[in-house]
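Below: one structure, written as C-alpha cells.
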Amino acid sequence: MNKEAYEKYLLAGEIASKARDYGATIIKHDVSLLDVAEKVESKIKKLGASISFPVNIAINNLAAHYSPRHDDKIVFKKGDLVKLDVGTHIDGYIADTAITLEVGTNIYSDIVKASSEGLNVAIENVKPGVKLSEIGKKVEKKISSYGFKPIENLTGHSLKRYVLHAGLSVPSVNDISNLSKLKVDDVVAIEPFATDGAGYVVSGKGSNIYICNKSFRSSLIRDKKSKLIYYKFKKKFNTLPFAQRWVEKHFKNSDIILKRLSLLGYLKHYPQLIEKKNGIVSQKEHTVIITENGCEVTT
C-alpha cells in the first residue's frame, strides 16, 4: 500500500472513531434517531471526511440496515439496545466502525461484552495467511462462552477504494466453506454480532438506504426522466450507499422517485435485517489494515 492511501485510511479511521464516540454521547431517552444521525453525519463533514454510508441506527432485535427518513419520528426509549454504525472516507479510502450501547439501563452488559470480546479475539488473530474460517471459529467460541450466538449470516467485509463490500467475508462462525486467507495490505471491517435469538437474520421492510445498481444496463430503459435522475445519483453518490433523507433535500417527491428507480432496477433498496426469533442483538466493529505481523486498527 502506498503512503498516500495508508495515510488516508488512517485519517478516515480517526474521524470515524471520533464521530462514533460523539454519537454515543447524544443517544438518550426521548432523543430522535433523525437528530442523532444528522448530527453524527454533520460531525464527520466538520472533521474533514466524507460519508461512506448513511449513519445506521439499529435498535433491539433489528441487527442492521436502518437509517431514519427525513420525517422520522422515532425516538430512543429507556431500555433500548442501540447499534450505531458509522462510515467515513477520505478520497474513497473507507473506515467502518460500530458500537452498541444501552439507553438508561445496564441490563444487557453481557451481550454487549460478548460482541466486543468477539471483535477483540478476531483482531488478536488476524495476520497474513490466516484463514478467515479460523477467525470465525475463534469469534464463535468467544461469543458462545457468554451464552449467546453469533449471527451466522452477518459478516465483516473487505474494503477497497470507493467499495464498501469488496469481496472478502469475515465470518463470526466456523464457516468451513470460506477458504479465503488474509494478505498484507488487505483492509477489512470486522463486525461480530451476538444475539440471544436464533443466530440468523431475515429481511424486513425497507431501510431507507439505497445504492446505484452497478450491474444495471441503463441504456435499456426508455424513460428519459428516470434515466436523467439516475445519472445525477450516480454522479453524486458514486458506488457508495445513500439515504432517502439526502435525496429529499434535492427532490421533494423523493419517495416516488426512489420507488420508481428501484422498480426499474436503477437502484437497490437495502432491507432491514431482523433477528429471526426477534432476539436482542449487539454489535462491535473496527476497520483494520493487515500488516506483516498482524493488523493495525484504524478506528
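Throughout, read-outs are computed from the coordinates displayed, never taken from laboratory work. Source: prediction; values computed, not measured. So basically every Cβ, Gly included, is an ideal-geometry build from the backbone, and we count neighbours across all protein chains shown.
Among the trypsin sites (Lys or Arg not before Pro) found in the stretch 1-108, those both in a DSSP coil and sparsely packed, with 10 or fewer other Cβ atoms within 10 Å of their Cβ, are Lys73. Ignoring lysines fewer than eight residues from Lys28 along the same chain, the ones with Cα atoms less than 17 angstrom from its Cα are Lys39, Lys73, Lys77, Lys78, Lys83.
Put simply, the convex hull of the Cα atoms in the chain casts, on average, a shadow of 15.2 nm².
Two numbers describe the Cα atoms of the stretch 76-192: Rg and Dmax, which are 15.0, 45 Å. Potential lengthening of the chain between Asp255 and Asn278 amounts to 5.5 nm, from the contour at 0.36 nm per residue minus the alpha-carbon distance.
Set the Cα radius of gyration of the stretch 1-157 against 2.2 N^0.38 Å, with N its number of residues, and you get 1.10. Debye calculation, C-alpha points only, no solvent: report log10 I(q)/I(0) for the stretch 206-273 at q = 0.18, 0.26 Å⁻¹, in the same order as the q values. At q = 0.18, 0.26 Å⁻¹ the computed log10 ratios are -0.60, -1.32. Between Ser109 and Ala24, how high is the FRET efficiency from 1/(1 + (r/R0)^6) when r is the Cβ-Cβ distance and R₀ = 22 Å? Nearest 0.05. According to the calculation, E is roughly 0.90.
Build a GNM of the chain with springs between Cα atoms under 10 Å apart, and of His157, His286, His165 the one that fluctuates most is His165. Under the convention that each Lys and Arg Cβ holds +1 and each Asp and Glu Cβ holds -1, the size of the dipole of the chain around its Cα centre is about 1480 debye.
The charge dipole of the stretch 206-273, taken about its Cα centre with unit charges on the Cβ atoms of Lys, Arg (+1), Asp and Glu (-1) only, comes to about 320 debye.
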